[in-house]
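Engineer: Sharing a structure, written as structure tokens. Questions coming.
Values quoted throughout were computed directly from the atomic coordinates according to the rules given, and no laboratory measurement underlies them. Keep in mind that this is a model prediction, so the values were computed, not measured.
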Amino acid sequence: MAAGRDEHGHREIAGADLAAFARSLGDDPEAGAGRSSARNRLKGIVTAVVRDGVMAQVDIQAGPYRVVSLMSREAVEELDLQVGSVAIAVHQVDHRGGRAALTGAAAQPSSWV
């Protein structure tokens with residue numbers, strides 16, 4: 001995505017280019033992400049990963065939404081989730097309430113962050 005600079009040195013991206021990029025984030029899940037009956041998928045950028053002995057907290061910024069997922073430390077390591085990675089938060093509601101899962105998408109940090 002091409003970016004210019006304004007008079008203060010801030011990056012500027014054409015609105016049409018940014019809109020096209022945002023639409024591309026809504027495409028089908030990454031290859032290998034698997035299929036599920038969950039309808040709510042929020043693709044975003046990992047903004048924080050906090051690990052302790054057994055568990056981990058992963059924060060994703062998906063558009064205007066902040067998604068927080070608590071999962072095992074082992075899952076975070078297997079998915080290679082790190083700040084800057086692209087991830088897909090999947091939320092599925094069943095008759096007992098809501099369930100959420102987080103699936104990692106990129107093995108390396110995204111270059112557009």
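Engineer: Got a sec to turn the phi values of the range 51-66 into Karplus ³J(HN,Hα) couplings, 6.51 cos²θ - 1.76 cosθ + 1.60 with θ = phi - 60°, whole Hz, x for Gly and Pro?
Structural biologist: With coefficients 6.51, -1.76 and 1.60, one gets 10, 10, x, 10, 10, 8, 10, 10, 9, 10, 9, 10, x, x, 9, 9 Hz.
Engineer: Can you tell me how much longer the chain between Arg51 and Ala16 gets when fully stretched, taken as 0.36 nm per residue apart minus their C-alpha distance, in nm with one decimal?
Structural biologist: 8.7 nm
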